[in-house]
Amino acid sequence: MIFPELDTPAVLIDLDIAEANIDRFQAHCDAHDLNLRPHIKTHKLPMLAKRQVQAGAIGITCQKVSEAEAMISEGGIDDVLITFNILGTGKLSRLRAIADKVRLSVVADNTTTIDGLAGAFSDADAPLSVLVECDTGAARCGVATPQAAGELATYIAGQPGLTFGGLMTYPPAEQERFVQSWLTEAKDLIEASGLDVPVISNGGSPGMWQAQDVPVATEYRIGTYVFNDRSLQDRGVCTWDDCALNVLVTVVSVPARNRAVIDAGTKVLTSDLLGLDGHGHVLGRPDIEVAGLSEEHGVLMADSINLKVGDRLRIIPNHVCMVSNMLDEVQLHRGDTVVGPCPVAARGKVR
């Protein structure tokens with residue numbers, strides 16, 4: 001039986017694999033003279049954030065103010081970039097407190113966000129670094145043109161309590177040439193206006209091995225690489241052996257020869273498909289499809305399911321970042337040896 005001492009469903013993290021993933025991509029960035037700033041929204045664990053910094057990362061990326069608070073509460077992290085428009089007096093007050101503890105930078109793609117930041121930092125001892133978020137094709141947040149990036153950079157530079165920190169983008173996959181052109185044009189326009197562009201922050205796990213193909217970037221942000229998942233394996237970014245996180249489940253019912261039910265549904269595996277068929281990869285049983293999920297049940301299908309009640313399986317999720325936020329704790333192990341539980345410090349930190 002797989003880890004019989006653990007109750008299921010359980011999220012397992014093999015530290016040997018996670019650490020190898022950290023070291024491998026850090027070496028890739030070092031070889032291409034590219035600063036690495038990993039995104040902690042994947043693992044939400046201060047211990048792994050510290051391990052990433054120890055390996056050579058210049059700091060970390062957080063998506064929300066509360067994530068940053070959780071990461072710095074245990075110490076060992078002194079450089080944080082928050083890549084989300086921050087609005088509201090409560091968040092801005094907490095942002096000031098974070099800035100007193102670490103080197104902090106944020107992003108913005110509109111003047112309303114910038115005005116709020118300026119109001120919160122106008123009397124700060126040191127200015128807040130603000131990067132312009134750029135939409136280079138992923139169609140999420142970000143200004144739409146290099147010209148708009150230049151205008152917003154000038155606006156930031158003119159606000160009390162703020163300093164223009166550079167450019168940031170979440171790029172579309174396999175569009176490195178276009179991203180390079182877009183960011184280079186924006187950089188040239190801004191420098192022509194008399195401003196320096198000290199940081200150009202690019203990043204995303206799907207394009208991790210092509211990070212060097214956007215040489216205008218000074219740093220690369222990446223999250224999923226620490227664990228990897230089915231979506232990255234499907235893209236050819238990693239192998240199953242590179243997947244450090246999987247979900248340990250128990251078969252609770254075998255109602256038909258082609259169907260079994262497990263004790264993990266959307267509250268553990270999540271419903272993300274990311275264009276894939278099924279909701280995960282069953283290790284050792286590629287013939288099985290995780291065909292359906294309800295809140296607490298997962299339905300497995302195969303021509304011959306060949307499982308019995310009480311059997312244990314391990315499933316690599318489609319999207320590992322979602323799974324990290326589902327449970328209060330994860331179970332750490334090294335190979336076949338259980339290390340013990342670890343609380344997910346930034347779980348539920350979405351504000």
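Values quoted throughout were computed directly from the atomic coordinates according to the rules given, and no laboratory measurement underlies them. The model shown is predicted, which means the values in this text are computed figures rather than measured ones. Cβ sites come from the backbone with ideal geometry, for glycine too, and all protein chains shown count toward neighbours.
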Exercise. If we sort 133-141, 339-347 on the protection proxy, mean other Cβ atoms within 10 Å, highest first, what's the order?
Worked result: 133-141, 339-347
Exercise. Among Ser201, Ser122, Ser231, which comes first, second and so on when ranked by fewest other beta-carbon atoms within 10 Å?
Worked result: Ser122, Ser231, Ser201
For this session: Compute the separation of the alpha-carbon centres of the range 56-116 and the range 1-33 and state it in Å as a whole number.
Result: 26 Å
Exercise. How much length is gained on full extension from Val309 to Leu92, taking 0.36 nm per residue of separation minus their Cα-Cα distance?
Worked result: 72.9 nm
Problem set entry | Cα-derived Rg over Rh, computed across the range 231-343 with Rh taken as Kirkwood radius | 0.95
Exercise. How much length is gained on full extension from Ala256 to Ser73, taking 0.36 nm per residue of separation minus their Cα-Cα distance?
Worked result: 60.9 nm
Problem set entry | Net lengthening on full extension, Arg285/Val339 (0.36 nm per residue, minus Cα-Cα) | 16.8 nm
Problem set entry | Per-residue ³J(HN,Hα) for the range 288-303, Karplus 6.51 cos²θ - 1.76 cosθ + 1.60, θ = phi - 60°, Hz, x for Gly and Pro | 8, 9, 7, 7, x, 9, 10, 4, 10, 10, x, 9, 9, 10, 7, 4
Problem set entry | Those aspartates and glutamates that a straight Cα-Cα span of less than 15 Å connects to Lys50, excepting residues fewer than 8 apart in one chain | Glu19, Asp23, Glu67, Glu69, Glu74, Asp78, Asp79
Problem set entry | the range 231-343 - charge dipole about Cα centre, Lys and Arg +1 at Cβ, Asp and Glu -1, debye rounded to 20 | 220 debye
Problem set entry | the range 179-265: trypsin sites (Lys or Arg not before Pro) in DSSP coil with no more than 12 other Cβ atoms inside 10 Å | Arg257
Seminar exercise, completed: Long-range amide H partners of Gly292, meaning residues 5 or more apart or on another chain whose placed amide H is closer than 5 Å, are Val299
Problem set entry | Partner aspartates and glutamates for Lys187 [C-alpha distance under 18 Å; skip if fewer than 8 residues away on the same chain] | Asp109, Glu133, Asp135, Glu151, Glu176, Asp196, Asp213, Glu219
For this session: Enumerate the calculated ³J(HN,Hα) couplings along the range 122-128 in order (Karplus 6.51 cos²θ - 1.76 cosθ + 1.60, θ = phi - 60°), each rounded to whole Hz, writing x wherever the residue is Gly or Pro.
Result: 4, 10, 6, 5, 10, x, 8
Exercise. Counting alpha carbon pairs within less than 8 Å and at least 6 residues apart, what relative contact order, in whole percent, applies to the range 15-227?
Worked result: 21 percent
Problem set entry | Projected-area average for the chain over all orientations - Cα convex hull basis, square nanometres | 17.3 nm²
Problem set entry | Mean Cβ count within 10 Å, highest first, over the residues of peptides 160-171, 80-91 | 160-171, 80-91
Seminar exercise, completed: Percent relative contact order for the range 231-351, counting Cα pairs under 8 Å at least six residues apart, stands at 26 percent
Problem set entry | Simple label model, 7 Å out from Cα along Cβ direction - Ala139 to Ala124, nm | 3.4 nm
Seminar exercise, completed: Ordering 244-255, 326-337 by per-residue average of other C-beta atoms within 10 angstrom, highest first, gives 244-255, 326-337
Seminar exercise, completed: Most exposed to least, judged by fewest other Cβ atoms within 10 Å, Val179, Val299 sort to Val299, Val179
Exercise. Which FRET efficiency value, to the nearest 0.05, is calculated for Leu273 and His32 with the Förster distance at 30 angstrom and r the Cβ-Cβ distance?
Worked result: 0.35
